[in-house]
Amino acid sequence: MNRVVGFVMQDGSNGILSDKIGDLVKLRSLSLYGKGLYGELPKTIGNLVNLESLVISSTSLSGALPKEIGNLKNIEVMQIYFNEFTEIPKEFGNLPKSAVYMMQHNKFAGEVPETLRFYENSDGSSGISGIDLSYNCFTSFPWSFFTDDDDCLVPHLWGNRLSGTIPDEVFKSPKWERWKTQISRQEKGYGYSNYPPEEDEH
């Protein structure tokens, strides 16, 4: 069984995901689908160090993503969307910096972790990279993503619950014009008092 390199659980699967999933150490691709899957993602997911693709979509899996997810150093594409997850650990920032992370439509809340710094492909290719955190429940965002002197990509954060006032130094940042739309269009009733989203509709 530990020679399996691809594993898919389709709609119709029911129950708690066994921690035995971590025994499939040769896996390069893991896909989990279906509202019948519930409980937390096992910590043993961190054993799957050969994973290149991880898809967890439209499940009832909930709670915090385990910190061990940061062990997946060969990941190229991670798609975790339309689930019930509530927290991204800081160890997520240990993942490859130029991979694709699609994390929309969960219930991630609180402040966006400072460690979620990802970058454009270093080989000069035009492939997509970075992290999409749209349509979650984040309420706070570290302005250092804009103000720090590095080339990190600003996460896509539409449809969250960000609010308050954007500091002047953010507007003056060289990154502002390129990345300002990443934080516009918050959930109805939220948004920044000094940054109307209508500004980006023209």
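We did not get these values from a lab; they are worked out from the coordinates using the rules stated. Since we're looking at a predicted model, the values are computed, not measured. Reconstructed Cβ throughout: ideal geometry from the backbone, glycine too, with neighbour counts over all protein chains shown.
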For a Förster distance of 41 Å, can you work out the FRET efficiency between the beta-carbons of THR181 and SER13, rounded to the nearest 0.05?
0.65
Let me know the volume per residue of the alpha-carbon convex hull for the range 19-117, in Å³.
77 Å³
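Note the full-extension length gain between SER140 and LYS43 as 0.36 nm times their separation in residues minus their Cα-Cα distance, in nm to one decimal.
32.2 nm
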For GLU84, which sequence-distant residues (separation of 5 or more, or a different chain) have an amide H within less than 5 Å of its own amide H, given hydrogens modelled in the peptide plane?
LEU61
Give the span of the range 141-180's Cα atoms along each principal axis, as three whole-Å numbers ordered largest to smallest.
26, 20, 16
What base-10 log of the normalised intensity I(q)/I(0) is obtained for the range 1-68 from the Debye formula, alpha carbons as equal point scatterers, at q = 0.21 Å⁻¹?
-0.86
Given Cα pairs under 8 Å that are at least 6 residues apart, what percent is the relative contact order of the range 6-200?
12 percent
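Based on the alpha-carbon set only, what is the convex hull volume of the range 6-200 divided per residue, in Å³?
So the per-residue hull volume is 117 Å³.
Multiply the residue gap between VAL25 and ASP148 by 0.36 nm, knock off their C-alpha separation, and tell me the result in nm, one decimal place.
Additional length available on full extension: 40.5 nm.
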Expected max-MSF residue from PRO155, PRO142, PRO66 in the GNM of the chain (alpha carbon, under 10 Å) is PRO142
Contour minus Cα-Cα span, THR86 to SER58, at 0.36 nm per residue, comes to 8.6 nm
Under 10 Å, Cα contacts only: if you run a Gaussian network model on the chain, which one of GLY63, GLY189, GLY22 comes out with the highest mean-square fluctuation?
GLY189
What ³J(HN,Hα) values, in whole Hz, does the Karplus curve 6.51 cos²θ - 1.76 cosθ + 1.60 give for the range 134-150 when θ = phi - 60°, with x put for Gly and Pro?
5, 6, 10, 10, 4, 10, 9, 9, x, 5, 4, 4, 8, 8, 5, 8, 8
